[in-house]
Every structure is written in C-alpha cells, then in structure tokens.
Amino acid sequence: MEKKTKVIIGIVVAVITVIIVAGLLIVQAIFNQETEKLKQMSEEMATMEVTTKDGEKIELEYYNFDDGRFFLKMPTSFEQMDEETLNLKYNGENPPTFAFANERGTVSISLSLSEAKIKNEQIENFVKTTKEQMQAISDVQKVNIYKKDGRTIGELILVSKAEDTDIYNHMLVFSDKDCLRVINFNCTKELEENWKEVGAFLMKSLMFPVEE
C-alpha cells in the first residue's frame, strides 16, 4: 500500500511539474511575442522614411491634430491646402478640415474633424453602413475593424469615380471625444500600385498619446 501511495505521489508530482514547465513555456512565448510586437512598433514609429514601389524615397514627419489628440506621419514634401484650395478641390461640398497633397495634387491625405456625434462602440456599425452605401457607387476592396490605444478603428479601402479618373482611397474612421474622425489617403488610380503601400504605412502610423 505504501509503495502504491509513493507511485501515485510520484505521478502527481510529475504531472504538476509538466504543468508548471508548460505554463512557464507559454508565459515565455507570450512574453517573446509581446517583446517582438513592441520592438516592431518601436521600429515603425522611428521609421521616418518610406519608399514608393518605383524607388522614390519619401521623408516623413509626425503631425499632431486636434490639439495633440492624435498623431499621423505625413510626407514632408506635401503642402497643406488653404481654405480656397480646399473648397475648389471638393467643390465646396463638405470639404475636410485639413488636406495635404503633393505638388501635382495627385496624392493627398485629408482629415475631417466632424462635429457629428458617434461613440467608440458605434464605429463598427457605422463602417458597415458606409460600406453598404459606398458599394453602390464605388469598388469596395477591403473593410476591417481593429483596436488601437483603446479605440475602435474602422478601415475601408475603395476605388471611387471622379470626373476624369478613378481615385484609390484608404480610409480610417474612429471616434474621439465622442465625435467622428475620418482620415483618407488617396491617389489617382494610375498611381495606386506605386503609392498604396506608402498610404498603408501612413495610415498605420496613426497614434493616440492617451488611451480612452
């Protein structure tokens, strides 16, 4: 009986040891993943140059918007549009709050700081509704929802129609101070292959200094 008890105790100890070792390995794996993720995020934040597909190097700098509520990387060569240019480009119909463009105006980034009320938890439904509306007039290529710094971010990639050419759009939608915020990178369809990875990098650089 004593021998049997020792065998049982030995098995229990062995099982507990295996569980502890497995737990430590899992913790180490998670730690390694988080460390690698933080390292990647740090490298992305520190990267202030990106290259188009045809090899053009684009220097970047961080801009802060809405009194530092969020930050976004922007090409240093892009010029900010004045109010007159904004109204002309957008035909006076709900122009964005800010817009920046290259010299030819073929690649741009716009930001709309709307007074329209929307909560963080309403973003996903808003994006789904927007997708349904846009599908009737645009080629919607991607819709994605993800979390960043405590916020729900809606992402849409679509090609819309313009008077003389199609326009590639990479949009981010989110709530800040319970108000709608929209960022849109766009370029002419002819420049899509050359610039879309740059646009994706810029959209990914969105950063909030304070979590909500």
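Here is how the numbers come out for the structure above:
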read-out	value
So Val127, is it modelled with pLDDT of 95 or more and closer than 30 Å to Glu56 by Cβ	no
Leu86 being hydrophobic (A, V, I, L, M, F, W, C), out of contact with any Phe, Trp or Tyr (no Cβ under 7 Å at 6 or more places or on another chain) and closer than 28 Å to Ile58 by Cα	yes
Among (1) out of contact with any Phe, Trp or Tyr (no Cβ under 8 Å at 6 or more places or on another chain); (2) within 21 Å of Met203 (Cα to Cα); (3) part of a loop (DSSP other than H, G, I, E, B); (4) not aliphatic (A, V, I, L, M) - the single one Asn94 does not satisfy	(2)
Number of positions in region 163-185 that are within 14 Å of Ser138 (Cα to Cα), part of a strand (DSSP E or B) and of a type outside the set (A, V, I, L, M)	4
Residues located in region 115-148, provided they are surrounded by 14 or more Cβ atoms within 10 Å (Cβ to Cβ) and in contact (Cβ under 8 Å) with a residue 60 or more places away in the chain	Ile118, Asn120, Lys148
Every residue from region 97-107 that is on the phi < 0 side of the Ramachandran plot, free of Cβ contacts under 8 Å to residues at least 24 places away in the same chain and outside any strand (DSSP E or B)	Thr97, Arg104
Options Leu172, Leu202, Leu180; residue that is aliphatic (A, V, I, L, M) and touching a helix residue (DSSP H, G or I) at 6+ places or on another chain (Cβ under 6 Å)	Leu172
Test result for Ser175, more than 11 Å from the chain's Cα centre (by Cα), without any contact (Cβ under 8 Å) to a residue 60 or more places away in the chain and over 15 Å from Ser112 (Cβ atoms)	no
Residue selected from region 56-78 under the condition exposed (fewer than 15 other Cβ atoms within 10 Å of the Cβ) and not in a loop (DSSP other than H, G, I, E, B), by the criterion farthest from the chain's Cα centre (by Cα)	Lys57
Single unsatisfied condition, Lys53 versus (1) at pLDDT below 70; (2) within 22 Å of the chain's Cα centre (by Cα); (3) not in a helix (DSSP H, G or I)	(1)
Count of residues meeting criterion [of a type outside the set (D, E, K, R) and within 21 Å of Asp166 (Cβ to Cβ)] in region 85-99	7
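The values are calculated or read from the model by the stated rules, or taken from the named source; none is laboratory data. In this text the structure is predicted, and so the values were computed from the model without any measurement. Glycine also receives a Cβ, built like all others from the backbone with ideal geometry; neighbour counts cover every protein chain displayed.
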